[in-house]
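Heads up, the thing below is written out as C-alpha cells.
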Amino acid sequence: MISDKKRILILGGITHMLDVVRKAHDMGLYTIVCDYSETSPAKKIADKAYDISTTDIDALEKVARDEAVDAVFAGFEDLNTWNALRLCQRLGLPFYATEEQLRITSNKKLFKEFCRKCGIPVVEEYPVTGANDIESLDESLYPVIMKPVDSYGSKGITVCQNRRELGDAYTKALSFSRSKQIVLEHFVPGYGVEMYYTVINGEACLSAMTDRYVIRQDGGVPPLPTATVFPSKHLVSYCGTMNEKVKMMIRELGITNGVLLFQGVLEDGKVCVYEMAYRLTGEQHYHIVQKETGVDLLAMMIDLALGKDTGGYFVGGKDAECLPCPACNLAVLLKRGTIRRIEGLAAILEMPEIVSHVQTLFEGDTVDRIGNYGQICVRFNIVAKDGARLLEVIDCINKTLKVFSPEGENLVLSEFKERDIF
C-alpha cells in the first residue's frame, strides 16, 4: 500500500545524500533512493531503495511511475543533476533548472563565453581544438592547466610546466570528458575564492563568499582544497566591483530559483572566474548558512523539487554582511594508502563549533590515486564566535584526527595552519 506522504525519488546514495534523506524525513516525505551500488549509505536510512543506476533513465522512469513519486531530487554532482532533469522531463515533474541553463553552467567553455558577454573577468585560456595545437603553444605561457570542459571534483585535470607534459595531459582530460572536449587555461598559483548565490523567485543574493586555500602536490596534479574560510578577505571589494555584474548574468541566464557556486582566482588583485555549479556542492555550505542565518537552503531545494513556492526562504542581510561569524569548511586529505584505523573523529564532533561533517573515506578504504577529491577523507563545517576561536578549533582538529595505514603511518596529507585568514 502506498503511503499518503509526498514521495521523493533521490538519485544517488553517496554519503552526501544522507543529509538529503534525513532532511526529507524531517519534512514529512517518503524517501526512495536509487543507486547502482547495493551498499550506498543513503539507502540504509531511506524508506525504500532500488539497485538501479542513476544513468538508466528508462528504469528510473518505471520506478517513479510505479511508486507514484511527487518529486525527483539530485545534488552534489553534475551527472545526476542532468539525469534528474531528463527524468523530470519524462514524468512532467518540476525541476529548478532548464536544459539550456545546465548546458551553459556545467560546461567550462560555454560558461566563460557567457561571462565575457556579461563583462565578467575570466581566467585566460588558449585555443586547443586538437592535439596539433599543443605543439604550437608559446613556451612563455607556462605553467598552464588542462581540464575536461565538463568534469567536476578535479577529475582529469593536470598542471603542465612544459610542452612535454601537455600530450599526456590532453589524453587524460579527454578521457574524463563526456563531450570529448578540453579547455587549456593560464595557471594561477595561490588561493582562490568562491561565491555562493541563492536565487529566490528571480532575486539573487550573495549568500557567502570564501577564500579557498589549497595544497599543491607533485606530478602535475591540480591543487586541492584544504579549507574554504568565511568570510572572504575580498568580500567588500568583490561586492563593489563584480557582485552586480554576476547578478545580471544570473538574470541573463533566466535562473529564477536555486543555489549557485562560482569559483575564481585572484590575479593582479582582480577576481577572475573559471567555472560554476548550478546545484548543491560537496562543501555543503548550506549548513553554515543555516547556522548563521536560520535559512535552510537544503529544505529550499527539496521544496523546489516538489514544485512549492520558495518565497519564504530569505538569506537576509546585505550581500557584504551575509554571515556574521567566521566559519570554515575544513577538508582533511590523505596520501596514497589503505586506511586501517581512524582516531579522534568522535572527540572532534563533540566540539560545539562543528555544525556538520561528511565522511567519505572509512576504515578499509584505499586511496590509490592523487589529484582529485577522492583524497578527501572528511570535511568539517565550523562556525566560531571569532577568528581566534576558529583557529583554535582548526588546531584541535589537526592534533586530534589521525588516519593510520596498516604500517602505522599517519596518512593525513596536510594540516591547514594558515594564520593570516582574516
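The values are calculated or read from the model by the stated rules, or taken from the named source; none is laboratory data. This one's a predicted model, so the numbers in the text were calculated from it and none came from an experiment. Every residue, glycine as well, gets a Cβ built from its backbone with ideal geometry; the counts of neighbours run over all protein chains shown.
The figures follow:
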{"quantity": "From Val63, Val69, Val33, residue being in contact with a Cys (Cβ under 7 Å, 6 or more places away or on another chain) and surrounded by 16 or more Cβ atoms within 10 Å (Cβ to Cβ)", "calculated": "Val63"}
{"quantity": "Any hit, the range 115-130, residues being within 23 Å of the chain's Cα centre (by Cα), assigned to a helix (DSSP H, G or I), at pLDDT below 95 and among the acidic types (Asp, Glu)", "calculated": "no"}
{"quantity": "Every pair of residues 6+ apart whose Cβ atoms lie under 6 Å, when the first sits in the range 282-298 and is within 19 Å of Ala24 (Cβ to Cβ) and part of a helix (DSSP H, G or I) while the second is of a type in the set (Phe, Trp, Tyr) and modelled with pLDDT of 95 or more", "calculated": "Leu297/Tyr286; Leu298/Tyr286"}
{"quantity": "Every residue from the range 178-197 that is at pLDDT below 95 and either more than 23 Å from Asn80 (Cα to Cα) or not in a loop (DSSP other than H, G, I, E, B) (or both)", "calculated": "Ile182, Val183, Leu184, Glu185, His186, Phe187, Val188, Pro189, Gly190, Tyr191, Gly192"}
{"quantity": "Enumeration of residues in the range 195-225 that are surrounded by fewer than 22 Cβ atoms within 10 Å (Cβ to Cβ) and among the acidic types (Asp, Glu)", "calculated": "Glu203, Asp218"}
{"quantity": "Residue match in the range 44-54 (condition: within 30 Å of Phe114 (Cα to Cα) and in contact (Cβ under 8 Å) with a residue 40 or more places away in the chain)", "calculated": "yes"}
{"quantity": "Some residue of the range 314-328 being closer than 26 Å to Leu349 by Cβ, part of a strand (DSSP E or B), touching a helix residue (DSSP H, G or I) at 6+ places or on another chain (Cβ under 9 Å) and at pLDDT 90 or above", "calculated": "yes"}
{"quantity": "From the options Thr338, Thr310, residue that is more than 21 Å from the chain's Cα centre (by Cα), touching a residue at least 12 places away in the same chain (Cβ under 8 Å), buried (at least 19 other Cβ atoms within 10 Å of the Cβ) and not assigned by TED's automatic domain parsing to the domain that holds Asn83", "calculated": "Thr310"}
{"quantity": "Helices (runs of 4 or more DSSP H) completely within the range 4-104 that count 2 or more residues being in contact with a His (Cβ under 9 Å, 6 or more places away or on another chain)", "calculated": "none"}
